[in-house]
């Protein structure tokens, strides 16, 4: 799911794999949580903010770039 959406985000994919290595045994031992879409909730950001960044380079030329702030929930509670 996240690999199809963001194939170029290799560090994010690695982090998801590391989290799932820890989370999967818990899900195996606690089947009541399987239907709660934990993986989908963990990998989908709650909020993405796009903004403009204006800066001067070494040649004193103005550069304009796009930047993003991606925010994930810090606390998840079962539904």
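A quick yes/no check of all residues on (1) touching a strand residue (DSSP E or B) at 6+ places or on another chain (Cβ under 7 Å); (2) modelled with pLDDT under 85:
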| site | (1), (2) |
| --- | --- |
| 2 | no, yes |
| 7 | no, yes |
| 14 | no, no |
| 37 | no, yes |
| 41 | no, yes |
| 48 | yes, no |
| 57 | yes, no |
| 60 | no, no |
| 75 | no, yes |
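State which residue pairs qualify: first residue at negative phi and free of Cβ contacts under 8 Å to residues at least 60 places away in the same chain and inside the stretch 8-24, second residue surrounded by 10 or more Cβ atoms within 10 Å (Cβ to Cβ) and not in a helix (DSSP H, G or I) in any location, beta carbons under 7 Å apart, and separation of 6 or more residues or different chains.
12/6
Is it fair to say residue 63 is outside any loop (DSSP other than H, G, I, E, B) and exposed (fewer than 10 other Cβ atoms within 10 Å of the Cβ)?
For residue 63, the condition - outside any loop (DSSP other than H, G, I, E, B) and exposed (fewer than 10 other Cβ atoms within 10 Å of the Cβ) - is not met.
Out of all the residues in the stretch 29-43, which are part of a helix (DSSP H, G or I) and loosely packed, with under 10 Cβ neighbours inside 10 Å? Spell out how you get there, then give the answer.
The initial filter retains those residues of the stretch 29-43 that are part of a helix (DSSP H, G or I), namely 29, 31-36, 38-43.
Within the stretch 29-43, 29, 31, 32, 35 qualify.
The values are calculated or read from the model by the stated rules, or taken from the named source; none is laboratory data. From a predicted model like this one, the values you see are computed outputs, not experimental measurements. Backbone-built Cβ (ideal geometry, glycine too); neighbour counts: all protein chains shown.
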